[in-house]
Amino acid sequence: MTRLEHLLTALRKHYGPLPEPPSDLFTLFVWETLSWHATPKKRDAALAALERLRVLTPTAMGRAPHAKLDAAVAAAGPYAEQRLKALRRVVDAFRERPDFPTAIRAPVPAALKSLKGLTQMGGDSGAYRVLLFAGDHPVLPVSASVDRTARRLGYGVPGRDFKQTAKNVREAVASELPPTSDAYRQAYVYLAHHGLTLCKQADPECPSCPLKRDCPGRKALFASGGSGDRAARSPLEEM
């Protein structure tokens, strides 16, 4: 078992089972749209409202009464108008491209190209989530929280921009993960969750972290005279 696999095992033991993003392609697009600038609680509330309306297919959403759809999407919080516009684009795209489920299972470069313009709210991370959870590709979506957690643990180095940094993180993680979609789904879910709960950008809770004994980022802070509690105000956050 590699070091990364040991770390992920520790995170699973600490947090217990965690939910994954939807595997149904259209539902995942909706989930992505609702996740943008929304808390998980509000996103899930909006998704549940859409489920109750039975509009989680392109045809059903395209026919849904605007007032009911607006009210359900509003449960995700601000930016409701932007979310609704994005959902309309997705509905139109599915009507124009009924081959989407096949297209996202093509080799990664072609699959990413087929998603161009549809995952702008989640950027490259959103596109890679679609490939991983709906397309069954063993790839790592690198969101801000995954990037932060992975690099603090020693996986990846800063690049000239976030896209290059994300590539560096993916390459570092790939060297220690089995090349299966299940392994990558678990890695994404637990690294992302850890980055949102304990390994936060501001005020990381290092003393409570189950990985604190094997975290190069935290060790670097102590070596320079820092502490777990002072990590919140260290330059580590800008890595």
Answer with yes or no whether Arg160 is part of a loop (DSSP other than H, G, I, E, B) and not hydrophobic (A, V, I, L, M, F, W, C). yes
Mind checking which pairs have a first residue in the stretch 44-58 that is in contact (Cβ under 8 Å) with a residue 60 or more places away in the chain and part of a helix (DSSP H, G or I) and a second that is buried (at least 17 other Cβ atoms within 10 Å of the Cβ) and hydrophobic (A, V, I, L, M, F, W, C), Cβ under 6 Å, 6 or more apart or different chains? none
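Every residue, every condition in (1) free of Cβ contacts under 8 Å to residues at least 12 places away in the same chain; (2) within 17 Å of the chain's Cα centre (by Cα); (3) under 16 Å from Leu4 (Cβ atoms), yes or no:
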{"residue": "Thr149", "(1), (2), (3)": "no, yes, yes"}
{"residue": "Arg160", "(1), (2), (3)": "yes, no, no"}
{"residue": "Lys163", "(1), (2), (3)": "no, yes, no"}
{"residue": "Val169", "(1), (2), (3)": "no, yes, yes"}
{"residue": "Asp182", "(1), (2), (3)": "yes, yes, yes"}
{"residue": "Gln186", "(1), (2), (3)": "no, yes, yes"}
{"residue": "His193", "(1), (2), (3)": "no, yes, yes"}
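Kindly establish whether Pro138 is surrounded by fewer than 20 Cβ atoms within 10 Å (Cβ to Cβ) and in contact with a Leu (Cβ under 6 Å, 6 or more places away or on another chain).
no
Considering each residue of the stretch 38-68, count those that are surrounded by 14 or more Cβ atoms within 10 Å (Cβ to Cβ) and either outside the structural domain of Val130 (by TED's automatic domain parsing) or within 25 Å of the chain's Cα centre (by Cα) (or both), and give that number.
Qualifying residue count, the stretch 38-68: 14.
Scan the stretch 149-158 and give yes if some residue there is of a type in the set (S, T, N, Q) and either outside the structural domain of Phe94 (by TED's automatic domain parsing) or touching a strand residue (DSSP E or B) at 6+ places or on another chain (Cβ under 8 Å) (or both), otherwise no.
yes
Where in the stretch 69-123 are there helices (runs of 4 or more DSSP H), lying fully within it, with 1 or more residues that are hydroxyl-bearing (Ser, Thr, Tyr) and surrounded by 13 or more Cβ atoms within 10 Å (Cβ to Cβ)?
Of the helices (runs of 4 or more DSSP H) lying wholly inside the stretch 69-123, those with at least 1 residues that are hydroxyl-bearing (Ser, Thr, Tyr) and surrounded by 13 or more Cβ atoms within 10 Å (Cβ to Cβ) span 108-114.
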Out of (1) crowded, with 21+ Cβ neighbours inside 10 Å; (2) at pLDDT 95 or above, the one Cys206 does not meet is (2)
Being at pLDDT below 95 and either part of a helix (DSSP H, G or I) or not assigned by TED's automatic domain parsing to the domain that holds Arg12 (or both): is that true of Leu196 here? yes
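The values are calculated or read from the model by the stated rules, or taken from the named source; none is laboratory data. As the structure is a prediction and not an experimental result, all values here were calculated from the model. So basically every Cβ, Gly included, is an ideal-geometry build from the backbone, and we count neighbours across all protein chains shown.
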